[in-house]
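Everything below concerns the one structure shown next.
The values are calculated or read from the model by the stated rules, or taken from the named source; none is laboratory data. A quick note: this is a predicted structure, and the numbers were derived from the prediction, not measured. Counting neighbours? That spans all protein chains shown, and the Cβs are built from the backbone with ideal geometry, glycine included.
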Amino acid sequence: APGPAAAPGTAAELRRAATRVLLGNWTGRSTVPSRGLYPHQWSWDSAFIAVGLRHLSPRRAQWELESMTAAQWADGRLPHIVFDPATPRGAYFPGPDFWRSAGAGAGANAETSGIVQPPVHAIAAWEVHRADPETSRRRGFLERVYPRLAAWHHYLARERDLGGAGLAAAVHPWESGMDNSPAWDAALARVAPAPADSFARRDLDHAPVADRPTDADYGRYVRLAADYRDHGYDDARAPHAFRVEDPSMNALLIAAEHALAAIAAELGGDAAAHSGRAAVLTKALVGTLYDPGARMFFARDLVTGAHIAEHTVAGLVPLIVPGLPVAADLVATARGPRFGIGQGRLVPSYDRTGHAFDPCRYWRGPGWFNMSWLVHRGLVLHGAADLAADLRTAMTAAAGRTGFAEYVDPHSGQARGARAFSWTAAVTLDLLA
Ligand code: 9WN
């Protein structure tokens with residue numbers, strides 16, 4: 001029998017291998033993150049995937065974002081999962097029967113979850129447009145997605161300013177996209193877990209137990225989601241036992257507002273309103289979540305009002321904000337011993353010297369390709385070309401070597417989680433372009 005395929009050696013081979021992953025995960029109107037583990041459409045995955053797809057088929061990249069944004073709720077939220085009707089209802093937990101979105105404000109187009117994920121979509125939409133402006137204009141791509149994206153940002157501003165500083169709060173660890181980050185441990189510890197026999201995990205059918213969140217984490221995730229659902233996903237009524245301001249989510253919102261400004265300008269709309277909002281949010285982000293002593297952005301626990309002094313990759317993501325006043329200090333932190341950027345490895349998701357560091361377990365240490373892609377973008381933006389180049393080389397090498405792993409051990413570079421993972425292939429294509 002033939003052995004495993006050799007890791008792609010040249011850039012052309014790597015591009016072909018990444019293309020095969022994205023084609024294999026395409027369902028006809030969108031892309032699943034991974035065939036086994038995540039057999040539906042995920043919100044922020046879609047955005048990263050579109051950024052890569054635009055290099056293969058700008059039209060397919062447009063469809064990716066059109067199908068995602070078509071699942072928008074009446075209140076403007078973009079749900080974190082859009083369920084694929086062709087996939088068995090029990091293939092993923094929590095599935096459509098858990099979320100019960102139909103009566104709760106979801107559109108008629110799709111069954112979805114009721115929580116959100118970070119707002120990367122406008123950034124992706126602008127990149128997708130720029131890849132092929134002619135097709136985009138002919139198809140009316142930006143005209144179609146702009147009102148949806150504006151309504152999405154408006155939802156975050158209107159319903160999610162739970163801390164009163166103007167920033168958007170996450171009300172579930174899944175909303176941050178970094179589910180079991182050590183930053184959420186203390187806030188989650190206050191949540192009473194759902195009984196272990198009240199739900200059945202499906203993720204462990206597809207990934208090693210040491211690479212995934214624990215059962216205790218899952219019990220709390222289920223409790224928080226069920227409480228939100230049982231309050232009709234109404235942000236004013238729900239108890240929100242977990243509520244945090246995450247620097248990554250808010251930095252992405254700011255970068256996405258800048259992208260909306262560019263889109264509005266292209267459409268002859270009000271660009272200044274979006275740039276103005278980006279400026280106000282930047283002030284709030286730095287004023288509320290930056291710790292000058294630590295030279296780091298920290299999440300804020302809105303139950304206690306205090307910073308969560310855990311160094312995670314989320315605290316470096318503000319590098320993507322244009323004109324960030326503390327960029328030079330943040331680059332110094334990125335280069336320092338906690339994250340070690342510039343040493344030929346991906347950015348660890350959590351402080352390598354931290355008390356909770358675990359090189360295998362999901363968001364508690366492993367390097368993730370989407371986060372490294374964002375940090376790479378930020379390093380380029382702020383002129384740290386040497387660090388950016390090092391990170392780019394590390395990412396493309398690790399992607400090829402691991403068969404596009406979901407995440408990697410940040411020291412050894414060994415594959416963890418799923419393989420043939422869509423955003424890993426997508427950001428690799430983007431880095432190779
Ligand atoms: C819950 C799909 C998603 C990513 C998240 C990642 C993981 C889901 C899960 O997979 O979360 O949303 O089942 O663990 O943490 O960032 O969007 O790839």
- Can we say Arg352 is in a loop (DSSP other than H, G, I, E, B) and within 16 Å of the ligand (Cβ to nearest atom)? no
- Query: Quick one: what pairs do we get from the stretch 366-384, first residue modelled with pLDDT of 95 or more and of a type in the set (S, T, N, Q), second more than 16 Å from the ligand (Cβ to nearest atom) and part of a loop (DSSP other than H, G, I, E, B), C-beta under 9 Å, 6+ apart or different chains?
  - Reply: Ser372/Ile341
- Item | Some residue of the stretch 304-323 being surrounded by fewer than 23 Cβ atoms within 10 Å (Cβ to Cβ), within 23 Å of His121 (Cα to Cα) and more than 20 Å from the chain's Cα centre (by Cα) | yes
- Message: Of the residues Ala216, Ala226, only one is modelled with pLDDT of 95 or more, over 16 Å from Glu406 (Cα atoms) and either under 23 Å from the mean Cα position of the chain (by Cα) or surrounded by fewer than 16 Cβ atoms within 10 Å (Cβ to Cβ) (or both); which?
- Response: Ala226
- Taking the residues in the stretch 74-87 that are free of Cβ contacts under 8 Å to residues at least 40 places away in the same chain and over 15 Å from the mean Cα position of the chain (by Cα) as candidates, determine which candidate is farthest from Arg20 (Cα to Cα). Ala74
- Message: Can you tell me which residue is farthest from the ligand (Cβ to nearest atom) among those in the stretch 10-56 that are among the aliphatic types (A, V, I, L, M) and over 18 Å from the mean Cα position of the chain (by Cα)?
- Response: Ala12
- Item | Pair list, Cβ < 6 Å and 6+ apart or interchain, from the stretch 169-192 residues that are within 19 Å of Asp235 (Cα to Cα) and touching a residue at least 24 places away in the same chain (Cβ under 8 Å) to residues that are of a type in the set (Lys, Arg) and away from the ligand (no atom under 14 Å from the Cβ) | Ala169/Arg160; Ala169/Arg243; Val171/Arg243; Val191/Arg223
- Task: Mind telling me which of the residues Ala433, Ala394, Ala388 ends up being out of contact with any Phe, Trp or Tyr (no Cβ under 9 Å at 6 or more places or on another chain), over 16 Å from Leu14 (Cβ atoms) and either more than 12 Å from the ligand (Cβ to nearest atom) or polar (S, T, N, Q) (or both)?
- Result: Ala388
- Being of a type outside the set (Val, Ile, Thr), buried (at least 17 other Cβ atoms within 10 Å of the Cβ), more than 22 Å from Ala238 (Cβ to Cβ) and within 13 Å of the ligand (Cβ to nearest atom), is that true of even one residue in the stretch 57-77? yes
- Query: Are any residues in the stretch 88-125 assigned to a helix (DSSP H, G or I) and under 17 Å from the mean Cα position of the chain (by Cα), and if so, which ones?
  - Reply: His121, Ala122, Ile123, Ala124, Ala125
- For the stretch 202-301, list the helices (runs of 4 or more DSSP H) that sit wholly inside it and hold at least 2 residues that are over 22 Å from Ala189 (Cβ atoms) and of a type in the set (Lys, Arg); which are they? 271-289
